[in-house]
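J.: Attaching a single structure in C-alpha cells format; questions to follow.
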C-alpha cells in the first residue's frame, strides 16, 4: 500500500509540474496572479496567487483585506532559505500559512492564524517561501507537511 501511495503522489507531482512548465495549466485570471498547485495524497489543488518577492510587498502582505476567495492566496518568496517569521497585525481575516522548503515540499504549517495578532508565527525551519491562504483551507484540502508545491520557483530547484 505504501508503494502505491508513493507512486500516486509522484504521478500527481509529475502531472502538476508538467502542466506548469509546459504552459498547459489554466491561465491566471488576472495578469498579476500566478498559478500554484499543492499536491496532496487527496489530489492536486490549484490556487491563483499574488507574488510578494519585494520587501515592500512582503511587509504589506494580506493586511487590510476583508476577504480572500478559497482559490486565491499570496506567495511570499525569500531570496534564500531562512526561518520565516510572520505576524497578523492589521490582517482582518484568519489565514493558513504553508511554509515551503526550497525543493517545493511543505515544511511546516500554521492553521487559522488569529487576525490582528502581533504574535510571531515561525516556520521553525529554513524555508524558501510561505503560501498564505484563507483560514480553514489546510484542513479542508488535507494539506500536510511533506506534500509538494508546484510553482515556477520550485521547478528550478528540484533535482
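J.: Pick from 61, 73, 24, 18: which is within 17 Å of residue 136 (Cα to Cα) and modelled with pLDDT under 95?
T.: So the residue among 61, 73, 24, 18 that is within 17 Å of residue 136 (Cα to Cα) and modelled with pLDDT under 95 is 73.
J.: Do we have residue 36 as under 19 Å from residue 99 (Cβ atoms), modelled with pLDDT of 60 or more, in a strand (DSSP E or B) and touching a helix residue (DSSP H, G or I) at 6+ places or on another chain (Cβ under 8 Å) here?
T.: No.
J.: Can you tell me which residue among 144, 66, 116 is under 16 Å from residue 45 (Cα atoms) and surrounded by fewer than 19 Cβ atoms within 10 Å (Cβ to Cβ)?
T.: After ruling out the rest, the residue left standing is 144.
J.: Go over the candidates 108, 129 one by one and state the one that is in contact with a strand residue (DSSP E or B) (Cβ under 6 Å, 6 or more places away or on another chain) and surrounded by 22 or more Cβ atoms within 10 Å (Cβ to Cβ).
T.: Of the residues listed, the single one that is in contact with a strand residue (DSSP E or B) (Cβ under 6 Å, 6 or more places away or on another chain) and surrounded by 22 or more Cβ atoms within 10 Å (Cβ to Cβ) is 129.
J.: Tell me, which residue of the stretch 45-58 that is crowded, with 18+ Cβ neighbours inside 10 Å and within 22 Å of residue 145 (Cβ to Cβ) is modelled with the lowest pLDDT?
T.: Pass one, the stretch 45-58, residues crowded, with 18+ Cβ neighbours inside 10 Å: 45, 47-49, 51-52.
With within 22 Å of residue 145 (Cβ to Cβ) added as a condition, the list becomes 45, 47, 49.
Working: 45: 97, 47: 96, 49: 93.
It comes out as 49.
J.: Among what's in the stretch 76-104 and is exposed (fewer than 13 other Cβ atoms within 10 Å of the Cβ) and assigned to a strand (DSSP E or B), pick the residue that is modelled with the lowest pLDDT.
T.: Here the residue is 79.
The values are calculated or read from the model by the stated rules, or taken from the named source; none is laboratory data. None of these values were measured; they are calculated from a predicted model. Note that we place each Cβ from the backbone using ideal geometry, even for glycine, and neighbour counts take in every protein chain shown.
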